[in-house]
Amino acid sequence: MTDTSPMAHSLTDAEHRWGARIRVSIPVHVTSPSTTRFDGRIKNLSLSGALMTANSELPLNSRIEVTLELPAPLPGGAVIAAHVARRVNGEVGIEWCQFAPNAVKDLLRSPTVRLSV
């Protein structure tokens, strides 16, 4: 007999994020000890991490710092520590080192950052 409960599905599924994934388009600057600074763009965002486009090869599990350019009316920018969880076809899945950083919570609450589906 197969367990079809939501908990069983979440334990066996490849997705590991907490919370909903929100489609966005946010410019970022990324720094890492293994590469020079480069620009990217966050394509979707959740409390536990993000998917971003990147024109640099970041090693899996490497620690990075992501500087978000926060849209108005949110103030300035925010630097968030993360690590590389996966890489596929020029996109990088990252997980925040701290679950639900304040800047991410602010972005997810803001209706101005969401893209239409």
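The values are calculated or read from the model by the stated rules, or taken from the named source; none is laboratory data. Nothing here was measured: the structure is a model prediction, and the numbers come from that model. For neighbour counting, all protein chains shown are included, and Cβ atoms are generated from backbone atoms with ideal geometry for every residue, glycine included. The accessibility values were calculated without ligands, DNA or RNA, using every heavy atom of the protein model including side chains. Shrake-Rupley method; radii C 1.70, N 1.55, O 1.52, S 1.80 Å.
With 17, 23 as the choices, which residue is modelled with pLDDT of 90 or more and within 16 Å of the chain's Cα centre (by Cα)? None of the others qualify; the one that does is 23.
In this structure, does residue 53 turn out to be open to solvent by 70 Å² or more (accessible area, probe 1.4 Å) and closer than 18 Å to residue 22 by Cβ? The answer is no for residue 53. Out of 95, 65, one residue alone is part of a strand (DSSP E or B) and under 15 Å from residue 20 (Cα atoms). It is 95.
Of the residues making up region 64-117, those that are within 13 Å of the chain's Cα centre (by Cα) and open to solvent by 70 Å² or more (accessible area, probe 1.4 Å) are 65, 79, 86, 87, 97, 98, 99.
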